[in-house]
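The values are calculated or read from the model by the stated rules, or taken from the named source; none is laboratory data. No experiment lies behind these values; they were computed from the predicted model shown. Here Cβ is always computed from backbone atoms with ideal geometry, including for glycine, and neighbour counts include all displayed protein chains.
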């Protein structure tokens, strides 16, 4: 090396100060964005929940009364019974759904049966429907004037049995997706070793398959339990006199205008949901990697007897799911059940059954669109800030905690908390109460966690060298995000948007307390029409929601394939 070269090498690059200033500016912007994310979650989640908790310790005049409301709650037998009723239907549904979903997932992942794509599509249908739809279908099938009421042998579908059956339909796809993912991870070498040792099929299942999927089974169980104990729609339609915590909140707030007791019930409902969430997180942390670098993918071998048995099982379960959906579709076209079965479109003239008419449907479409657009931007930017911000440890830890918190908060509790917070006297944000804005904010916050995890998973696949190279070339982080990060993560972005759209379209518990006459969503209209005795019109509105969600899902699949060809070519050799 010459002296000149050595001298040149000893000198810092001419653009080093500019690069350092740019890095400092980018870091400042990233940290500022993270603070804004924390502020957003504080306003949309933490402060409303704090207001809810404080309201449970006050009387109707706002004076502090300590535990008086809780003592009154636990001294009222009918209210305490609702706790045990909620736990009963939640545990029962979990015990039914888990084996059904596991066998179905096993058939999709570990067999060579035919028509797996069709069975997958059938199993995911309930995700596109509001939870009210299976309850309405069961009323038409096994209700007092049901098509198959003779099969009930004098028993009533209204109550715990009806809730459990409807919840099985509603929760099945949520458990199935988790179990399919769990069973897709398997090391073929373990099965080869078991075959070489002459282990029986049952022994292989008990010692290899089941232990490998145990964390997925546990996680699916917690998800089912949380979905059931926090659901409002099914219990409202088919619960009858069987009270649960979710319906108790509605009765206390809407029926009796007892907001303090409603806050107590909401906090009681929050406890089992939080416990299930924490237990699920502990289980996830104990999970270890099932595939090593030397792992061999497990491929199912044809076994005619097993494959046909699993085919029959999937055909039965898929047929029942399709039958429940078909029942609602048929009922929506019947003139007067069960006396006049002539098909008609009169049930779709919603203005004859509810003052909102078709405007409720369009309100839901508008809510879903705004939630998908705004939510996708907020979620992806929040995940990007968490993943790419350097340093600022306490801020990142707090933001990550707040991003995971919504999963533990039932929609009904969040909606009730919004009443107390945004409708409070002196709140400068009170102007958004009873508007479409508060419905959008509530929906984005309620469904934030799953969307955040989806975006974070995609961002973790990107090497941090992209940002380092951009900094050396004096390219801002946000330009790198627009030119590199977003195109690479586009499939995940689309998944977040469709998840938010479908959930905002079908939700009822999160918005039941927040709508006005101008912003009433379709799911709430279904409840109102069912209460008024217009069950056919309620079924028709539910069918409209399913059709809309399915159409948007198809468009999503088409866009995903198109963008994958244009932006994901690097994934293919």
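Working carefully through the options 42, 33, 66, find the one that is outside the structural domain of residue 274 (by TED's automatic domain parsing), modelled with pLDDT under 90, closer than 30 Å to residue 424 by Cα and in a helix (DSSP H, G or I). Even if it seems obvious, please write down each step before you answer.
Values: 42 fails: modelled with pLDDT under 90; 66 fails: in a helix (DSSP H, G or I).
So the residue among 42, 33, 66 that is outside the structural domain of residue 274 (by TED's automatic domain parsing), modelled with pLDDT under 90, closer than 30 Å to residue 424 by Cα and in a helix (DSSP H, G or I) is 33.
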*Residue check: is residue 108 in a helix (DSSP H, G or I) and over 23 Å from residue 219 (Cα atoms)?*
no
*Confirm whether residue 197 is at pLDDT 75 or above, surrounded by fewer than 18 Cβ atoms within 10 Å (Cβ to Cβ) and over 30 Å from residue 275 (Cβ atoms).*
no
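Just to be sure, is residue 118 modelled with pLDDT of 85 or more, in contact with a helix residue (DSSP H, G or I) (Cβ under 6 Å, 6 or more places away or on another chain) and in a helix (DSSP H, G or I)?
Working: modelled with pLDDT of 85 or more: yes; in contact with a helix residue (DSSP H, G or I) (Cβ under 6 Å, 6 or more places away or on another chain): no; in a helix (DSSP H, G or I): yes.
No.
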*Are any of the residues in region 360-367 within 30 Å of residue 46 (Cβ to Cβ), modelled with pLDDT of 90 or more, over 18 Å from the mean Cα position of the chain (by Cα) and surrounded by fewer than 20 Cβ atoms within 10 Å (Cβ to Cβ)?*
yes
*Give me a count of the residues in region 36-61 that are within 16 Å of residue 270 (Cβ to Cβ) and within 27 Å of the chain's Cα centre (by Cα).*
9
*Counting just the residues of region 62-73 that are over 33 Å from the mean Cα position of the chain (by Cα) and within 10 Å of residue 260 (Cβ to Cβ), which one comes out surrounded by the fewest Cβ atoms within 10 Å (Cβ to Cβ)?*
62
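Which one of 509, 549 is out of contact with any strand residue (DSSP E or B) (no Cβ under 9 Å at 6 or more places or on another chain), modelled with pLDDT under 90 and not assigned by TED's automatic domain parsing to the domain that holds residue 127? Walk me through how you get there before you give the answer.
On the way: 549 fails: modelled with pLDDT under 90.
Residue meeting the stated conditions: 509.
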*Might you check whether a residue that is under 23 Å from the mean Cα position of the chain (by Cα) and in the same structural domain as residue 332 (by TED's automatic domain parsing) occurs anywhere in region 144-163?*
yes
*Within region 371-464, which helices (runs of 4 or more DSSP H) (wholly inside it) include 2 or more residues that are modelled with pLDDT under 90 and farther than 27 Å from residue 509 by Cβ?*
393-404, 448-460
*Within region 513-531, can you find the residues that are surrounded by fewer than 22 Cβ atoms within 10 Å (Cβ to Cβ) and either more than 18 Å from residue 232 (Cα to Cα) or touching a strand residue (DSSP E or B) at 6+ places or on another chain (Cβ under 9 Å) (or both)?*
516, 517, 518
*Do you know which of the residues in region 272-290 that are in a loop (DSSP other than H, G, I, E, B) and surrounded by 12 or more Cβ atoms within 10 Å (Cβ to Cβ) is modelled with the highest pLDDT?*
287
*Could you say which residue among 332, 364 is in contact (Cβ under 8 Å) with a residue 12 or more places away in the chain and assigned by TED's automatic domain parsing to the domain that holds residue 512?*
364
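Checking the condition assigned by TED's automatic domain parsing to the domain that holds residue 488 and surrounded by fewer than 19 Cβ atoms within 10 Å (Cβ to Cβ), which residue from 430, 411 passes? If you could, list the steps in order and put the result at the bottom.
On the way: 411 fails: surrounded by fewer than 19 Cβ atoms within 10 Å (Cβ to Cβ).
Being assigned by TED's automatic domain parsing to the domain that holds residue 488 and surrounded by fewer than 19 Cβ atoms within 10 Å (Cβ to Cβ) holds for just one of 430, 411, which is 430.
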